[in-house]
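Notes to accompany the following structure.
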Amino acid sequence: MLTGMTLFVDRSDAGRQLAHQLEYLRGQDIVVLGLPRGGVPVAFEVAQALTAPLDVLAIRKLSVPFRPELVFGAIGEDTPRVVNDPIVRAASLNAQDVDEIERKERAELHRQLDRFRHGRERIPLVGRIAVIVDDGIETGTTARAACQVARAQGARKVVLAVPVGPPDLLEIMDGYADEVVCLETPAAFRAVRQAYDAFAPMSDDEVLRLHARAGASYREAATNKRAPVRMLRDAEICVDAGAVQLAGRLTIPERAQGIVVFAHGSGSSRHSPRNRFVASVLNDAVKSRDVVYDVVV
């Protein structure tokens, strides 16, 4: 449930947690596709963690003119529109109305793509795994359109990955995504923003900066591949803490640049999934970023 609590600090936090669940894709021929605008910072963290290329997959919602919050369809790059016919009928929209709304949204779609890619070519999806990432799903209209766009562009497999969605998410995406990875599907779910402490709107400039950073980072990783990290020691230990002896796990990777001390007092053990995840993130940071961390939790 979401009552009285949130699940993620912000989109970056959600992206890091989502990346942990997508580790099984590491080393495969994947392209991470962020849905602008809110999905891009989530996708950025996923792409960074998996050392994968990042691109934007722009989708425009088609809304009822007199009720902008009511979405009846969506369009994507070089693909037909996806329409929810019952909503179109309920809103008394005729074919001319729908065509005019689509025309306006396609113009905005092309404007967004020109800006976000900043002259860069679209990353080809032919024969690859498309990992479509958003900051959350409510109705699934945009996500379904995104999956159709990825398939139309030649992806051999489509994975939808989101931090939060409705309990019936698998049913919503049935027949659209080959796999769905969702961290949380709360019973009381009503809106994506419920799941976040910070959920400020993203600007085009912020999306552009993240896309550019991801491209530079991926190119650097591709040209300067490091040798696999070898563990010099990874063992259970006992820490003498004066009056008590504390059980712990010591991990010493090759080329470690700092020391992380991760202590927890929540009542959960060091083997809990949450604590193991935090430890792995801190350990990876010391190995890959060449900085010294002194962390006490």
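What do you reckon, is Val180 under 14 Å from Ala130 (Cα atoms), open to solvent by 10 Å² or more (accessible area, probe 1.4 Å) and touching a residue at least 12 places away in the same chain (Cβ under 8 Å)?
So Val180 fits the description; yes.
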* Asked: If we keep just the residues of the range 4-15 that are buried (at least 18 other Cβ atoms within 10 Å of the Cβ) and assigned to a helix (DSSP H, G or I), which is nearest to the chain's Cα centre (by Cα)?
  -> Gly15
* **Hey, Arg128 in contact with a His (Cβ under 9 Å, 6 or more places away or on another chain) and open to solvent by less than 70 Å² (accessible area, probe 1.4 Å) or not** => no
* Asked: Which members of the range 16-55 meet the condition of being of a type in the set (Asp, Glu) and either in contact with a Cys (Cβ under 7 Å, 6 or more places away or on another chain) or open to solvent by 60 Å² or more (accessible area, probe 1.4 Å) (or both)?
  -> Glu23, Asp29
* Name the one entry in Leu70, Leu109 that is surrounded by 12 or more Cβ atoms within 10 Å (Cβ to Cβ), of a type in the set (A, V, I, L, M) and not in a helix (DSSP H, G or I). => Leu70
* Asked: So which of Arg151, Arg115 is surrounded by 15 or more Cβ atoms within 10 Å (Cβ to Cβ), touching a helix residue (DSSP H, G or I) at 6+ places or on another chain (Cβ under 9 Å), charged (D, E, K, R) and assigned to a helix (DSSP H, G or I)?
  -> Arg115
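Condition check ((1) over 11 Å from the mean Cα position of the chain (by Cα); (2) farther than 30 Å from Val278 by Cα) across all residues:
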| residue | (1), (2) |
| --- | --- |
| Leu18 | no, no |
| Gly27 | yes, no |
| Thr51 | yes, no |
| Phe66 | yes, yes |
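Among the residues that make up the range 81-104, is at least one of them part of a strand (DSSP E or B) and modelled with pLDDT under 90?
Yes, the range 81-104 has at least one match.
The values are calculated or read from the model by the stated rules, or taken from the named source; none is laboratory data. Values in this document were obtained by computation on a predicted structure and should not be read as measured data. Positions of Cβ are backbone-derived with ideal geometry, glycine not excepted, and every protein chain shown enters the neighbour counts. When the accessible area is computed, the model is the full protein with side chains, heavy atoms only, and any ligands, DNA or RNA have been set aside. Shrake-Rupley method; radii C 1.70, N 1.55, O 1.52, S 1.80 Å.
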